[in-house]
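Following: one structure in structure tokens, then a few remarks.
The values are calculated or read from the model by the stated rules, or taken from the named source; none is laboratory data. Here the structure is a predicted model, which means the values were calculated and not measured. All Cβ positions, even for glycine, are placed from backbone atoms using ideal geometry, and neighbour counts span all protein chains on display. The protein model used for the area step is the full one, side chains on, heavy atoms only, and it has no ligands, DNA or RNA in it. Shrake-Rupley method; radii C 1.70, N 1.55, O 1.52, S 1.80 Å.
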Amino acid sequence: MIQSLMVNPRIKHRPTICYRPIQPSDLETLEKIHSDLFPIRYESEFFQSVVNGCDVVSWAAVDRSRPNDQSDELIGFVTARIIMVKDSEIADLLRYDSSRVDQNLVYILTLGVVEAYRNLSIATALIREVIKYASSIPVCRAVYLHVISYNNPAIHLYTKMSFKCMRMLHGFYLIRGQHFDSYLFVYYINGGRSPCSPLELITLIVCCTKTGLKTVASKLMMAKPKWPKGNETRVPVTQSKRMANTECSGLEYV
């Protein structure tokens, strides 16, 4: 897939963005971008799993219009893995046939775009690659992820792409000794759907929106820990409470 984009003021040329799987030659750059974008340390096991396609599916964004020695260098990425519905934390958020033990989900692990290539719809295109992949699996019922409550660009992005805010998890993240809430977003595919009624969904979304506004207001009244520069679409994700101030397994974090 090739995407020709308008020039970003921070880029001196008109980028031509291509999307491909992450490969072993991307290892060093992938590690550096994760280090720049995320406030946690990823173990080498995670990166090896990504570049070798072991239990992780991935897409890289590259700018083919850059000089030859940089034309295949990562400028964005998304990683994900397949999880069986019965083993997931969102089985209760799916209306599905529980007798079908083969039904699964795609869980987004990490998503990021380097600063110079922000606001060019690259993150949107990467997410679409995940949705396209998940939709091609007949037994896959949804794509899902977690978003920290103050990551407003990510919340806006997923809402714009028709992900549904299905749950708020209080104190889900622990970053530098401080707890932060998380929203759980779900994109239903292949007949997967919420067990909630439309009214219940609207009520939940309104509740999440109100809580989000309160969170933003409260942060304005006190110093807020800042994430490392350059992660507009960063979305930390896992299936258990995050401990971002400790070393962690890459497969459990974004």
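Taking the full set of protein chains and a 1.4 angstrom probe, give the accessible area of residue 95 in square angstrom, rounded to the nearest 10.
That residue has around 110 Å² of solvent-accessible surface.
Using the structure shown, list the pairs from 32/86; 86/132; 86/164 with a Cα-Cα distance above 25 Å, or answer none.
The answer is 32/86.
Expressed in nm to one decimal, what extension gain is obtained for the pair residue 178 and residue 16 from 0.36 nm per residue of sequence separation less their Cα-Cα distance?
Once the chain is fully extended between residue 178 and residue 16, it gains 54.3 nm.
What does the C-alpha gyration tensor say about the overall shape of region 40-127? Classify as rounded when a/c is under 1.5, otherwise prolate if a/b is larger than b/c, or oblate.
Numbers: a/c = 2.82, a/b = 2.08, b/c = 1.36.
Since a/c reaches 1.5 and a/b is larger than b/c, the shape of region 40-127 is classed as prolate.
According to a simple spin-label model (label point 7 Å from Cα along Cα-to-Cβ), what is the distance in nm between residue 119 and residue 137?
Rounded to a tenth, the inter-label distance reads 3.6 nm.
Hey, if we sort 92, 102 by accessible area with the 1.4 Å probe, largest down, what's the order?
Numbers: 92 90, 102 65 Å².
Greatest to least solvent exposure: 92, 102.
First compute the accessible area of region 17-200 with a 1.4 Å probe, then give the percent of it belonging to carbon and sulfur atoms.
49 percent
What figure in square angstrom, to the nearest 10, would you give for the accessible area of residue 128 with a 1.4 Å probe?
Here the accessible area works out near 150 Å².
Take residue 65 and residue 48, extend 7 Å from each Cα along the Cα→Cβ direction, and tell me the distance between the two endpoints in nm.
Computed distance between label sites residue 65 and residue 48 equals 3.9 nm.
Give me, ordered by chain and number, the residues 5 or more places off residue 65 or on other chains with an amide H under 5 Å from its own placed amide H.
Placed amide hydrogens put 16 under 5 Å from residue 65.
How much accessible surface does residue 120 have with a 1.4 Å probe, in Å² rounded to 10?
20 Å²
I need the shape label for region 17-200. Rule: rounded when a/c is under 1.5, else prolate if a/b > b/c, else oblate, with a, b, c from the alpha carbon gyration tensor.
In terms of gyration-tensor shape, prolate.
Assuming R0 = 35 Å, what is the FRET efficiency of residue 87 and residue 41, from their Cβ-Cβ distance, to the nearest 0.05?
That gives a FRET efficiency of 0.85.
Using the heavy atoms of the protein chains and a 1.4 angstrom probe, tell me the accessible area per residue for region 67-198 in square angstrom.
Per-residue value: 39 Å².
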